[in-house]
Amino acid sequence: MTRTVDVVVIGGGQAGLAAGYHLRRLGVDFVILDAQSAPGGAWQHTWDSLHLFSPAAFSSLPGSAMPVQIGETYPDAAHVVTYLSEYEHRYELPLMRPVSVHGVHRDGAFLRVESDAGVWRARVVISATGTWWRPFLPAVPGRSEFAGQQLHTVEYRSPAEFAGRRVEVVGGGNSGAQIAADLAYDTELTWVTRRPPRFLADDIDGRALFDAATARRKALESGSADTGGVASLGDIVAVPPVREARDAGLLKASPMFARLSSDGVEWADGTRAEADAVIWCTGFRPTLSHLAPLQLRGSRGHITTVGTRAADEPRLHLLGYGDWTGPASATLIGVGRPARDAAREIAGLLGPRS
Ligand code: FAD
């Protein structure tokens, strides 16, 4: 069956919902297709102890403030799932799930969206599929020889599984620091980072990160010098569990090892360490394979954009993912503005509503 609609939003995480909020306000006819069977996008799948790096008031989508979580300055992932679930009901967003889109094709005046629940013909597509679904693993020699357990951030749940074991946590970003802090008490932990970890000052959290991203956007818009944005502040937000483990002397980083062997890891100077598990906290890439039929180019696995619009396909917008689709657009508080701008541009393209 083929259905026709003005806009198909692919992905029903926070970015898709923010797009839906603004499309609805502008009276656009749209549907949101989401591969998950329940609301909450990637937040449903994070490790048990994950807390946001901003207070609730600084983690809100447009129109509806995230409620405070009683007893927590920084809400946990389950609280975010509840908030997103209530958000989509409150604004009666037209979500269909689980629906997985496998291809977007040009089809005359339309884009044809092919999914496991049928085909949609859309005048515009917003892709908001996030990054969680495409974990990145670096090419490290010997990775396939290692006989122990290897997992990525997306598969880690809690320290219980690793109690008493020798664990290498790889990665100097927020995921690496938080998972290392989680494991610091009950395992024989080695935390390895490519460069010495850069902790943000203890009084800096997601609020300051958002301010830095906003200052950068304003500077670039006004033609002033690039302020460096979030990256200029550091890599790791010292959320309370990270701070506690660091202050207890349990978060000392070692340099990155050069290779894996069958029973452990080995540094360039020949030093070796036996390991039972390696947890790769080495980031993500944008989930864009469904857009491959459009053959759009970009660098580093991205698609070149002007604002949120694909530079070479004006009927496609990209939302979330990273700063390349808007400053801080991969955060709860940051996605609202690019979602609004995308919705306005799309409404303009579609013309007056009847
Ligand atoms: P997602 O939440 O991944 O949602 C995308 C949706 O699209 C999913 O439901 C997915 O199933 C669906 N989808 C994917 N492909 C398809 C397809 N082909 N067809 C149909 N549906 C599809 N941000 C903050 O603001 N504060 C924080 O404290 C914070 N902490 C973070 C901690 C970690 C460990 C990570 C990884 C990220 C964190 N972020 C944080 C960043 C960001 O807010 C989250 O990554 C968020 O989940 C991004 O939302 P999204 O809607 O872009 O993507």
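The values are calculated or read from the model by the stated rules, or taken from the named source; none is laboratory data. Small disclaimer: the values here were computed from a predicted structure and weren't measured. FYI the Cβ positions are ideal-geometry reconstructions off the backbone, even for glycines, and counts take in every protein chain you see. Each accessible area value is taken on the protein alone, full model and side chains, heavy atoms only, with ligands, DNA and RNA left out. Shrake-Rupley method; radii C 1.70, N 1.55, O 1.52, S 1.80 Å.
Key figures for this structure:
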read-out	value
Net charge of Cβ neighbours under 15 Å - reference Ser59; Lys, Arg +1; Asp, Glu -1	-3
Stokes-Einstein D for the chain, Kirkwood Rh over Cα pairs, 10 °C, 1.306 mPa s (µm²/s)	74 µm²/s
Efficiency of FRET between Ala215 and Ser262 - r from beta-carbon atoms, R0 56 angstrom, step 0.05	0.70
Point-charge dipole on Cβ atoms (K/R +1, D/E -1) for the chain, about Cα centre, debye to 20	1340 debye
FRET E, pair Arg121, Asp186, Förster distance 56 Å, beta-carbon r, rounded to 0.05	0.55
In nm, spacing of pseudo-spin labels at Ala273 and Arg297 (7 Å Cα→C-beta vector)	4.3 nm
Point-to-point label distance, Asp203-Arg90, nm (Cα→Cβ direction, 7 Å offset)	3.1 nm
Accessible surface of His22 - all protein chains present, 1.4 Å probe, nearest 10 Å²	20 Å²
Dipole axis of region 100-168 (+1 Lys, Arg; -1 Asp, Glu on Cβ), positive-most option in Trp133, Phe110, His152	Phe110
Rounded to the nearest 10 Å², the accessible area of Met96 at probe 1.4 Å	70 Å²
Antiparallel DSSP beta bridges within the chain, as percent of all bridges there, nearest 5	40 percent
Label point at Asp76 placed 7 Å out along Cα→Cβ; residues across region 10-49 whose backbone nitrogen lies under 17 Å	43-49
Stretchable slack from His45 to Arg24, in nm (0.36 nm times residue separation minus alpha-carbon distance)	4.8 nm
Protection proxy ranking, peptides 136-145, 35-44, average beta carbon neighbours within 10 Å, highest first	35-44, 136-145
Sequence-separation-based contact order of region 1-146, relative, with Cα cut under 8 Å and 6+ spacing, percent	33 percent
Dipole of the chain [Lys/Arg +1, Asp/Glu -1 at C-beta], most positive-end residue of Pro338, Val5, Ala65	Val5
